[in-house]
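Asks: Quick one: this structure, given as structure tokens, is what I'll be asking you about.
Coordinate-derived values only; no laboratory data. What you see is a predicted model; the values in this text were computed from it and never measured. FYI the Cβ positions are ideal-geometry reconstructions off the backbone, even for glycines, and counts take in every protein chain you see.
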Amino acid sequence: MIVETGEPTPPPPALRPGADARALFNPAFLAALIGRAAAGHRTDRDAPMPLVLGYLVAPTVLHTPTREALPRANARLAKWADEHQLLRAELRWRAPQLTEITHRGLRFGIRHELIALTPHGIEAAAALARLRAPGDGDAAECWKAAELLGRWLPRAGPPATVFALLGLRP
């Protein structure tokens, strides 16, 4: 579960918890995005993606302005967070609201063997490799951004450092 740090802030109106938000997010698509992030992490680190980093996929990748502001994988997270204070502040609102939706995506992914949960974290499973990447549009952009996120976040250090730089705590 992600908890914001600092002053409590009201949730943005576009992400009200409840039926509205649940209708917008498909657990199968979230599972695939988390799997893509895990595959990106495996490519860069040759290790499973820590479970807690899986909770950053939906709030980062599904939010168009944040997704579009993601840098190349070799950029520093600390510099990005400093240059994108507004996106970082909005992430503090989105991340806690998307925790339950991420749980559903993780459960779906494990149940349908898109991802595997190991003692060391999340691994992309064989069924994920059989999925075709979306052709174009937002889904394709999310797909690419998820893999980039999986490669980029661990370069900032351990998950606790990543969360601190983003103003969150696991």
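Asks: Kindly evaluate GLU100 against the criterion of being in contact with a Gly (Cβ under 9 Å, 6 or more places away or on another chain) and not in a loop (DSSP other than H, G, I, E, B).
Replies: no
Asks: Which residues, taken from region 114-153, are touching an Asp or Glu at 6+ places or on another chain (Cβ under 9 Å) and more than 16 Å from MET49 (Cβ to Cβ)?
Replies: Of all residues in region 114-153, those touching an Asp or Glu at 6+ places or on another chain (Cβ under 9 Å) come to 115-117, 125-128, 134, 141, 145, 150-152.
ALA126, ALA127, PRO134, GLU141 - these are the residues of region 114-153 that are touching an Asp or Glu at 6+ places or on another chain (Cβ under 9 Å) and more than 16 Å from MET49 (Cβ to Cβ).
Asks: Among the listed residues HIS112, HIS41, HIS63, HIS103, which satisfies the condition of being surrounded by 14 or more Cβ atoms within 10 Å (Cβ to Cβ) and without any contact (Cβ under 8 Å) to a residue 12 or more places away in the chain?
Replies: Details: HIS112 fails: without any contact (Cβ under 8 Å) to a residue 12 or more places away in the chain; HIS41 fails: without any contact (Cβ under 8 Å) to a residue 12 or more places away in the chain; HIS63 fails: without any contact (Cβ under 8 Å) to a residue 12 or more places away in the chain.
Of the residues listed, the single one that is surrounded by 14 or more Cβ atoms within 10 Å (Cβ to Cβ) and without any contact (Cβ under 8 Å) to a residue 12 or more places away in the chain is HIS103.
Asks: Name the helices (runs of 4 or more DSSP H) wholly within region 38-95 that hold at least 3 residues that are under 29 Å from LEU114 (Cα atoms)? Break it down into steps so the answer makes sense when it comes.
Replies: Working: elements: 51-54, 57-61, 64-69, 77-83.
Answer list for region 38-95: 51-54, 57-61, 64-69.
Asks: Next question, about the same structure. Mind listing just one residue for me: the one in region 119-170 that is among the aliphatic types (A, V, I, L, M) and part of a loop (DSSP other than H, G, I, E, B) and, of those, nearest to ILE34 (Cα to Cα)?
Replies: Looking at the filtered set, the residue picked out is ALA125.
Asks: A follow-up question, please. With the checklist (1) surrounded by 16 or more Cβ atoms within 10 Å (Cβ to Cβ); (2) over 20 Å from ALA47 (Cα atoms) in hand, flag the one item LEU86 doesn't pass.
Replies: Here LEU86 meets the rest and fails (1).
Asks: Can you find a residue in region 78-85 that is among the charged types (D, E, K, R) and either in contact with a helix residue (DSSP H, G or I) (Cβ under 7 Å, 6 or more places away or on another chain) or in contact (Cβ under 8 Å) with a residue 40 or more places away in the chain (or both)?
Replies: To start, the set of residues in region 78-85 that are among the charged types (D, E, K, R) comprises 79, 82-83.
If we keep only those that are either in contact with a helix residue (DSSP H, G or I) (Cβ under 7 Å, 6 or more places away or on another chain) or in contact (Cβ under 8 Å) with a residue 40 or more places away in the chain (or both) as well, we get none.
There is no residue in region 78-85 that is among the charged types (D, E, K, R) and either in contact with a helix residue (DSSP H, G or I) (Cβ under 7 Å, 6 or more places away or on another chain) or in contact (Cβ under 8 Å) with a residue 40 or more places away in the chain (or both).
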